[in-house]
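Enquirer: Just dropping this structure here.
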Amino acid sequence: MTKVKKTKCLKALLAVLMCALFIAGCSKKNAVQEVDADTVETEALEESTKEDEKTDTETEPDENDGELLSNGDFHDGMKSWDLYLTNGGDATFDVKDGQGIVTVEKSGELSYSVQAYCDGFSLKKGGVYELSFEMSSTKPLNMEARIQLNGGDYRSYVTARFNLSEEAQTLKRKFTMKEANDPAPRLCFNIGKPSGSKEMEDYRIALDNVSLRLIDGSKIEDEQKGDSAMNINLNQVGFLPKSRKTAVCRTANPGETYEIVDISNGNTVYSGKFSEAISAVASDETVCVADFSDFVTQGKYTLVKGEDKSYEFVIDEKVYDELLNKSFVFLYSQRCGVKVESEYAGMVAHPECHTGEAIIYGTETKKDVSGGWHDAGDYGRYVVPGAVTVNDLFLTYEDSRELWDGAAGDNTGIPESGNGVPDILDEARFELEWMLKMQDEKTGGVYHKVTCKQFPGFVMPQAEKEQLYLSPVSNTATGDFAAVMAKASILYKDYDSDFAKHCLKVAKDAWKYLEAIPSGAGFKNPDEIVTGEYPDGSDLDERYWASLELFKATGEEKYKAYFEESIAKGIKHGYGWELVSSYGNMAYLTLSEEDKKEELKNIVTEAIIKEADSIVSEVLKDGYMCNLGADKYEWGSNMNVCNRARMLLDAYRLSGEEKYYNGAYDQLSYLLGQNSISYSFVTGFGSLRPKNTHHRPSIATGYTVPGMVVGGPNSNLQDPYAEAALKGNPPAKCYVDNDQSYSTNEVTIYWNSPFTYLLSFIMNKK
Ligand code: G3I
Ligand code: 9MR
Ligand code: ZN
């Protein structure tokens, strides 16, 4: 297919005009913001002037001449193209007559308030590239073409400005990629308000024959392994003095010596020998392990082997105090419907958000469902993950009570601190109060979620102002609700008996709703609503768990009968939003002896031990001691690491066997840096930590909230950025610290809560 370019012979004249306009524009610019752009403009202009001497007709680039864009001429419609709008920009982007047409109603306040962009290519360090395109505008416009990092600080690899006019011009820019390879950059055309000029309205941009070609690849450096990880990896936060301490080295030989060096004086304080070689299948490596658990002296160290050394780590009684606090206080910063105070939430403080009433989907009725926590990097509020998070807080409280019941537990730094109620119960209650509003009082059923129809842009929560919808009632939400409300009726009895009584009433109502409907699969999004789904194959585990919590709260036999009959059908395991059986299993085992049947107790106990044994065997088989096996690195894998660690802790509580406890500790170390990509997966903690999370408040403020656990490696590559950046990586290396990568680098309330449980348990045991 050949296309004839529309460049006209007036171009030389225009170029001179552009030059004049251009220089005039430069002098007005804000020096700080535009420094980068200003330095490149002259070159850009030179390139575009040179283009004027070229012929008018060119054939469409094909893949063999280094063309990197697959749909730069819009032959495939809008594929790879999209429009980003912010700060008042209003426009549409379509293909008409084979051209990309952006119809701008309002320019907005910024150059990128209207941004047409193209993804789906990569840049290599040292490569010389040429960007060229044809563009016109119905009103004169100084526009900006940029190729930038797609996420993080969005820094530019090349920026060029051009003056557009009604006449289509072919614009070109040559540049050298100076930074490291970028597997998924973004090409942007910023066609909003040019800096220094007034806001504009009603203009139309035509874009065509956009081409990005590698014109000189001779200086491209040898393919970097895409692996900048350390050779020695360990828990970068550090260890409690008496705990298990390990490091994993991928360059060591079995039996080779390593040393621990005191950072304060450079002295070697410990030396040991590496283990035999162990394969780390999930990361396609072979490693040796250093076990220095018997080194207990407090201090700050690094582990050294020949040329290689680890990141710093600390051994200290208080090594996890701050981490535990931040992992918990994160929930406060997720509060919705209320003012979030800077005193507790720092930079991500915000005024009230999402206070408008929600439409009950499919009706015209509105309901107040304000409150609760934002689920994740988005601002949806979903009952299923919310309930699970609350329960994790409850169990954290119960299973490491000493940490949360005393003065420190009422002084974590939330508004309720100092009120005589453990903060962990205060924070959980914030969610419970919202969940109460999510119940349909008439039926006892619980609405699955409240969200807008779509996810918002990367804005603060108060800026998401679209209509809220209550998605239909779901059986899974209702089951989880019943379980948690029943448990709440016990835990809050001493603090607020009216609240506790109310929780019990609504829990029973929810159960009644479930009794009247058959068991089945969980929720499905209505067509128009595309926010998080939290679907589920079965509600049997939710019912299982709820029945036992209801028995505990009421003493009524019918609930226990349901539970015990379910046991007979087989024991399942699982903590998390989808599988909740383990909550029920452990709830049964913590009944008083007279309340449970010896035989069933044994069945449940054995099943838990058996499951824990299989998890331990995964831990022992894996060089990095992760419990996920060879390939089970899915969306939210870090949650599974935590939740499977909890199953080990359950076995430890039942048997007292240290192998289970140690296996759980290994998971903490994995999460904090003992992994093949050298990441501590918790923001704000460790030497190499996520800085560009898919968390809207963090993105909007440019400040990464500390203490958030990211989703972690996901070998299913379920977002475009991950697909571009991680293709071909072994499962455990499918993680990228980029805020576009929601399937590896988002954060959620229910990924943090099991981490809080795990850390709390470990700190409480010492
Ligand atoms: O378990 C299956 C596995 O058997 C299969 O081989 C594999 C292959 O695709 O998929 C596995 O399932 C994955 C599932 O998570 C495991 O829990 C799905 O692929 C994956 O799509 C699913 O991801 C969920 C994601 O939403 C998309 O639905 C995450 O668990 C869930 O945490 C996440 O939740 C989102 C909310 O919707 C919206 N708010 C943010 C939140 C976090 O990203
Ligand atoms: O931001 C959204 C995130 O919270 C969800 O977990 C994820 C999957 O449901 O979706 C994210 O939203 C993306 C959407 O699915 C596709 N377009 C881009 C959105 C944000 O980058
Ligand atoms: Zn909100």
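The values are calculated or read from the model by the stated rules, or taken from the named source; none is laboratory data. For clarity, every value in this text was computed on a predicted model and none was experimentally measured. Cβ coordinates were reconstructed from backbone atoms using ideal geometry, including for glycine residues, and neighbour counts include every protein chain displayed. Protein only, heavy atoms only, side chains kept; ligands, DNA and RNA dropped before computing areas. Shrake-Rupley method; radii C 1.70, N 1.55, O 1.52, S 1.80 Å.
Enquirer: If you take the residues in segment 681-738 that are within 16 Å of ligand 3 (Cβ to nearest atom) and either of a type in the set (Gly, Ala, Ser) or outside any helix (DSSP H, G or I) (or both), which one is most open to solvent (accessible area, probe 1.4 Å)?
Expert: Of everything passing the filter in segment 681-738, Ala700 is most open to solvent (accessible area, probe 1.4 Å).
Enquirer: OK, next. Taking the condition free of Cβ contacts under 8 Å to residues at least 12 places away in the same chain and either open to solvent by less than 40 Å² (accessible area, probe 1.4 Å) or more than 16 Å from ligand 2 (Cβ to nearest atom) (or both), does Ser370 pass?
Expert: On the way: free of Cβ contacts under 8 Å to residues at least 12 places away in the same chain: no; either open to solvent by less than 40 Å² (accessible area, probe 1.4 Å) or more than 16 Å from ligand 2 (Cβ to nearest atom) (or both): yes.
In short, no.
Enquirer: Sticking with this one: Quick one: is Ala486 modelled with pLDDT of 95 or more, open to solvent by less than 60 Å² (accessible area, probe 1.4 Å) and within 16 Å of ligand 2 (Cβ to nearest atom)?
Expert: Numbers: modelled with pLDDT of 95 or more: yes; open to solvent by less than 60 Å² (accessible area, probe 1.4 Å): yes; within 16 Å of ligand 2 (Cβ to nearest atom): no.
In short, no.
Enquirer: Would you confirm whether any residue within segment 749-766 is part of a loop (DSSP other than H, G, I, E, B) and open to solvent by 30 Å² or more (accessible area, probe 1.4 Å)? Outline the logic, then answer.
Expert: So in segment 749-766, the residues part of a loop (DSSP other than H, G, I, E, B) come out as 766.
Add one more test, that the residue is open to solvent by 30 Å² or more (accessible area, probe 1.4 Å), and what stays is 766.
Yes, segment 749-766 contains at least one residue that is part of a loop (DSSP other than H, G, I, E, B) and open to solvent by 30 Å² or more (accessible area, probe 1.4 Å).
Enquirer: Just to be sure I understand, how many residues within segment 579-596 are within 16 Å of ligand 1 (Cβ to nearest atom), open to solvent by less than 20 Å² (accessible area, probe 1.4 Å) and assigned to a loop (DSSP other than H, G, I, E, B)?
Expert: Here is the first cut: in segment 579-596, the ones within 16 Å of ligand 1 (Cβ to nearest atom) are 579-582.
From the residues that got through so far, the ones that are open to solvent by less than 20 Å² (accessible area, probe 1.4 Å) too are 580-582.
Next, from what is left, pick out any that are assigned to a loop (DSSP other than H, G, I, E, B): 580.
Matching residues across segment 579-596 total 1.
Enquirer: Just for segment 465-520: of the residues that are assigned to a helix (DSSP H, G or I) and among the hydroxyl-bearing types (Ser, Thr, Tyr), which one is farthest from the chain's Cα centre (by Cα)? Break it down into steps so the answer makes sense when it comes.
Expert: Taking segment 465-520 as the starting set, the residues that turn out to be assigned to a helix (DSSP H, G or I) are 475-491, 497-515.
Now drop any that are not among the hydroxyl-bearing types (Ser, Thr, Tyr), which leaves 476, 478, 489, 497, 513.
Values: Thr476: 24, Thr478: 26, Ser489: 33, Ser497: 38, Tyr513: 34 Å.
Restricting to residues being assigned to a helix (DSSP H, G or I) and among the hydroxyl-bearing types (Ser, Thr, Tyr), the top hit is Ser497.
Enquirer: Mind telling me which of the residues Ala546, Ala561, Ala612 ends up being part of a helix (DSSP H, G or I), touching a residue at least 40 places away in the same chain (Cβ under 8 Å) and closer than 19 Å to Lys487 by Cα?
Expert: Working: Ala561 fails: touching a residue at least 40 places away in the same chain (Cβ under 8 Å); Ala612 fails: closer than 19 Å to Lys487 by Cα.
Step by step, each of Ala546, Ala561, Ala612 is checked, and only Ala546 is part of a helix (DSSP H, G or I), touching a residue at least 40 places away in the same chain (Cβ under 8 Å) and closer than 19 Å to Lys487 by Cα.
Enquirer: Among what's in segment 640-680 and is open to solvent by 10 Å² or more (accessible area, probe 1.4 Å) and touching a Gly at 6+ places or on another chain (Cβ under 8 Å), pick the residue that is nearest to Val580 (Cα to Cα).
Expert: For segment 640-680, the residue satisfying everything is Asn640.
Enquirer: Shifting gears a bit: Out of the residues in segment 531-578 that are under 30 Å from Leu468 (Cβ atoms) and open to solvent by less than 10 Å² (accessible area, probe 1.4 Å), state the one that is farthest from ligand 2 (Cβ to nearest atom). Full working, then the answer.
Expert: First, pick out the residues of segment 531-578 that are under 30 Å from Leu468 (Cβ atoms): 531-539, 541-543, 545-546, 549, 575-578.
Filter again for open to solvent by less than 10 Å² (accessible area, probe 1.4 Å), leaving 531, 539, 542, 545-546, 549, 576.
Details: Thr531: 7, Asp539: 22, Glu542: 22, Trp545: 25, Ala546: 26, Glu549: 29, Gly576: 15 Å.
Result: Glu549.
Enquirer: Considering each of Ala184, Ala180 in turn, give the residue that is closer than 28 Å to Tyr721 by Cβ, in contact with a helix residue (DSSP H, G or I) (Cβ under 8 Å, 6 or more places away or on another chain) and at pLDDT below 95.
Expert: Working: Ala180 fails: in contact with a helix residue (DSSP H, G or I) (Cβ under 8 Å, 6 or more places away or on another chain).
Ala184 is the lone residue from the list that is closer than 28 Å to Tyr721 by Cβ, in contact with a helix residue (DSSP H, G or I) (Cβ under 8 Å, 6 or more places away or on another chain) and at pLDDT below 95.
Enquirer: Would you be able to say whether some residue in segment 385-397 is over 30 Å from Leu579 (Cα atoms), away from ligand 1 (no atom under 16 Å from the Cβ) and either of a type in the set (Ser, Thr, Tyr) or free of Cβ contacts under 8 Å to residues at least 24 places away in the same chain (or both)?
Expert: No.
Enquirer: State all residues of segment 142-200 that are surrounded by fewer than 23 Cβ atoms within 10 Å (Cβ to Cβ), charged (D, E, K, R) and in a loop (DSSP other than H, G, I, E, B); if no residue qualifies, say none.
Expert: Residues satisfying the conditions are Asp153, Arg155, Glu166, Glu167, Lys178, Glu179, Lys198, Glu199.
Enquirer: Find the residue count for segment 326-366, including only residues that are part of a strand (DSSP E or B), over 20 Å from the mean Cα position of the chain (by Cα) and near ligand 3 (Cβ under 10 Å from one of its atoms). Can you show your working first?
Expert: At the first step, the residues of segment 326-366 found to be part of a strand (DSSP E or B) are 335, 340, 350, 358-360, 366.
When the remaining residues are screened for being over 20 Å from the mean Cα position of the chain (by Cα), the result is 340, 350, 358-360, 366.
Filter once more, keeping what is near ligand 3 (Cβ under 10 Å from one of its atoms): 340, 350.
The total comes to 2.
Enquirer: Report whether or not Tyr703 is farther than 15 Å from Ser680 by Cα and within 14 Å of ligand 2 (Cβ to nearest atom). Show your work before the answer.
Expert: Values: farther than 15 Å from Ser680 by Cα: yes; within 14 Å of ligand 2 (Cβ to nearest atom): no.
Answer is no for this residue.
Enquirer: I've got another one for you. Output the strands (runs of 3 or more DSSP E) that fall wholly within segment 247-294 and possess 2 or more residues being at pLDDT below 95 and over 11 Å from Gly623 (Cβ atoms), or say none. Show your work before the answer.
Expert: Values: elements: 257-262, 268-273, 278-280, 285-291.
It comes to none.
Enquirer: Scan segment 105-138 residue by residue and report those that are more than 16 Å from Met200 (Cα to Cα), of a type outside the set (S, T, N, Q) and open to solvent by less than 20 Å² (accessible area, probe 1.4 Å).
Expert: Hits for segment 105-138 are Ala116, Cys118, Phe121, Leu123, Gly126, Gly127, Tyr129, Leu131, Phe133, Glu134, Met135.
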